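The values are calculated or read from the model by the stated rules, or taken from the named source; none is laboratory data. Just so it is clear, the structure is predicted and the values come from calculations on it, not from any experiment. Cβ coordinates were reconstructed from backbone atoms using ideal geometry, including for glycine residues, and neighbour counts include every protein chain displayed. Keep in mind that these areas ignore ligands, DNA and RNA; they rest on the heavy atoms of the full protein, side chains included. Shrake-Rupley method; radii C 1.70, N 1.55, O 1.52, S 1.80 Å.
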Amino acid sequence: MDWIKKIALVSALVGVVCVVASCRISMGLAPISSIDYSKVKTITIAEFPNRAEYVYAPMTTEFNQKLKDMFIQQTRLQLVNANGDLEIDGEITGYNQYNEAVAADGFSSKVKLTMTVNVRYVNNTNHEEDFEQQFSAFQTYDSSLLLTDVQDDLISKMIKDITEQIFNSTVANW
């Protein structure tokens, strides 16, 4: 009986070794973009004007710069002033705040700040990829705080979110 147990144990170990040896884990980074650099070499990103009812001037400047930075830093595309292989333009269409949560005393406890951007994307090498789309992001803050105290931080977070959405929809194909 002992020799059967030994054979079974050896067989099980050999089986485990075979299974482990046949498995392979491969790790790597996925490509950040799906750009065919043999066809697409340049990008034009127009200045997005702020057409929202409530205008906070630093938001426009920060958005325009962050959008350009994202494409410069994460692709090999050259930013040109006009007639790029890819063209992105649009406008900031919304910047609003709403009461989101009500406390037990009946007053607002949380405020939701929302930013919306309309984007027109043109791929001059493949017009089937062209689109016009709205992108938005929001952040909430405690209603006991003044908007002016938290605005810059919240705007930075919303701009980061929206520029990532635009990047993913245009060149990352996510």
(request) Can you work out which of the residues in segment 126-139 that are modelled with pLDDT of 95 or more, surrounded by 14 or more Cβ atoms within 10 Å (Cβ to Cβ) and not aliphatic (A, V, I, L, M) is nearest to ILE88 (Cα to Cα)? (result) GLN133
(message) Let me confirm something: among VAL111, VAL122, VAL117, which residue is within 15 Å of ALA52 (Cβ to Cβ) and either outside any loop (DSSP other than H, G, I, E, B) or open to solvent by less than 10 Å² (accessible area, probe 1.4 Å) (or both)?
(response) VAL117
(request) Among residues belonging to segment 142-158 that are modelled with pLDDT of 95 or more and touching a Leu at 6+ places or on another chain (Cβ under 9 Å), point out the one that is most open to solvent (accessible area, probe 1.4 Å). (result) VAL150
(request) Could you tell me whether LYS41 is in contact with a strand residue (DSSP E or B) (Cβ under 9 Å, 6 or more places away or on another chain), at pLDDT 95 or above and farther than 25 Å from ILE159 by Cβ? (result) yes
(message) Under 8 Å between Cβ atoms, which residue pairs at least 6 apart in sequence (or on different chains) link something in segment 96-120 that is at pLDDT below 95 with a partner that is part of a loop (DSSP other than H, G, I, E, B) and surrounded by fewer than 17 Cβ atoms within 10 Å (Cβ to Cβ)?
(response) SER109/ALA103
(message) Restricting to segment 38-77, give me the number of residues that are part of a loop (DSSP other than H, G, I, E, B) and either in contact (Cβ under 8 Å) with a residue 40 or more places away in the chain or touching a helix residue (DSSP H, G or I) at 6+ places or on another chain (Cβ under 8 Å) (or both).
(response) 16
(request) Being farther than 23 Å from ALA46 by Cβ and assigned to a strand (DSSP E or B) is the filter here, so list the residues in segment 85-108 that pass it. (result) ASN96, GLN97, TYR98, ASN99, GLU100, ALA101, VAL102, SER108
(request) Would you check which residues across segment 78-103 are open to solvent by 60 Å² or more (accessible area, probe 1.4 Å) and touching a Lys or Arg at 6+ places or on another chain (Cβ under 7 Å) and list them? (result) GLN78, LEU79, GLN97, TYR98, GLU100
